[in-house]
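To keep things clear, I will list the structure first and then write my remarks on it.
The values are calculated or read from the model by the stated rules, or taken from the named source; none is laboratory data. Remember, it's a predicted structure, so these values are computed and weren't measured experimentally. With ideal geometry, Cβ positions are generated from the backbone for all residues, glycine too; neighbour counts draw on all protein chains shown.
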Amino acid sequence: MTISLPGLPALHWTGVDGDAEYDETARALTLRSAGGVDWTNDSAGGAAQHGATALAFAAPETDFVLSARVRVVGARSTFDAGALALWSDPDRWAKLCNEYSPQGEAMVVSVVTDGFSDDANGPVFTTDAVWLRVARTGPAFVFHFSLDGVSWHFVRVFRLGAESTAVAVGFLAQAPMGPGATAVFDEIAFASRSLTDLRDLS
């Protein structure tokens, strides 16, 4: 199954078909996650989970930038999230999330997986939305977030593994502990361009 969004290549699900709709008037993509689904390769030894499904397109092999404003609407359970995601295979993937913490706070969370998941909490924010951005820079990928869509704060830079050449990039909703989550992505922007400085807020 493929879905078309203005300005993006054709989108497909990385796993089973999910629940998505695009509002052309609002220019907003809505993903509805099933309950109990996540992406994690637990470094502490727990069972890997790949029940969530991302709506994604083939990432260019040259530099690119994908960004969106991300909200999770309605009541939230712990670890409910809307995210920008990269997927190569079950052992090589990454996500940058607007995630709900166990303390009941919205926060930026990033996970990079190369065999096992490196899970890192970022800043807490009190707005109802956060802008997230993923970019390729040469052989690496970089995550940024923004509170206004203008000034971009560095989160991390990483690789997904030398063997990973086919990478999909796109949008993810997850609800590992709750009955489901609804993530809304708007102000979506995609461009084939390079970031000249990863830490200058541009």
Candidates ASP148, ASP119, filtered to the one that is assigned to a loop (DSSP other than H, G, I, E, B), acidic (Asp, Glu) and modelled with pLDDT of 95 or more: ASP148
Checked pairs for region 142-156, first within 14 Å of ASN98 (Cα to Cα), second not in a strand (DSSP E or B), C-beta under 6 Å and 6 or more apart or across chains, list as HIS144/TRP152; SER146/TRP152
State whether the residues of region 45-52 include one that is outside any strand (DSSP E or B) and either under 16 Å from the mean Cα position of the chain (by Cα) or within 14 Å of VAL73 (Cβ to Cβ) (or both). yes
Being touching a Ser or Thr at 6+ places or on another chain (Cβ under 8 Å) and buried (at least 17 other Cβ atoms within 10 Å of the Cβ) narrows ALA52, ALA83, ALA10, ALA68 down to just ALA52
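Residue by residue, here is whether (1) of a type in the set (Ser, Thr, Tyr); (2) at pLDDT 95 or above; (3) more than 21 Å from PHE116 (Cβ to Cβ) holds:
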residue	(1), (2), (3)
ASP128	no, no, yes
VAL134	no, yes, no
PHE143	no, yes, no
HIS153	no, yes, yes
VAL169	no, yes, yes
GLN174	no, yes, no
Qualifying positions in region 15-44 - in contact (Cβ under 8 Å) with a residue 60 or more places away in the chain and over 24 Å from SER77 (Cα atoms): ALA26, ARG27
Members of region 1-36 found to be outside any loop (DSSP other than H, G, I, E, B) and closer than 16 Å to TRP87 by Cα, listed by number: LEU11, HIS12, TRP13
Of the numbered conditions (1) of a type outside the set (D, E, K, R); (2) part of a strand (DSSP E or B); (3) in contact (Cβ under 8 Å) with a residue 40 or more places away in the chain, VAL109 satisfies every one except a single condition; which is it? (3)
Among the residues of region 151-187, count how many are of a type in the set (A, V, I, L, M, F, W, C), assigned to a strand (DSSP E or B) and within 21 Å of ALA120 (Cβ to Cβ). 11
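Residues checked against (1) part of a strand (DSSP E or B); (2) more than 18 Å from ARG199 (Cβ to Cβ):
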| residue | (1), (2) |
| --- | --- |
| ALA68 | yes, yes |
| THR78 | no, yes |
| GLY82 | yes, yes |
| LEU86 | yes, yes |
| ARG136 | yes, no |
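Got a sec? Which of VAL130, VAL134 is over 15 Å from ARG71 (Cβ atoms) and surrounded by 20 or more Cβ atoms within 10 Å (Cβ to Cβ)?
On the way: VAL130 fails: over 15 Å from ARG71 (Cβ atoms).
Result of the check over VAL130, VAL134: VAL134.
For region 89-105, which residues satisfy the criterion of being small (Gly, Ala, Ser) and either touching a Cys at 6+ places or on another chain (Cβ under 8 Å) or surrounded by 24 or more Cβ atoms within 10 Å (Cβ to Cβ) (or both)? Give the steps one after another, and end with the answer.
Restricting attention to region 89-105, the residues satisfying the condition of being small (Gly, Ala, Ser) are 94, 101, 104.
Result: ALA94, single match.
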Give me the pairs, please: first residue somewhere in region 185-201 and touching a residue at least 24 places away in the same chain (Cβ under 8 Å) and of a type in the set (Val, Ile, Thr), second residue anywhere and part of a loop (DSSP other than H, G, I, E, B) and surrounded by fewer than 11 Cβ atoms within 10 Å (Cβ to Cβ), beta-carbon distance under 8 Å, and either six or more positions apart or on two chains. ILE188/GLY7
Only one of (1) modelled with pLDDT of 95 or more; (2) hydroxyl-bearing (Ser, Thr, Tyr); (3) under 30 Å from GLY161 (Cα atoms) does not apply to THR2, and that is (1)
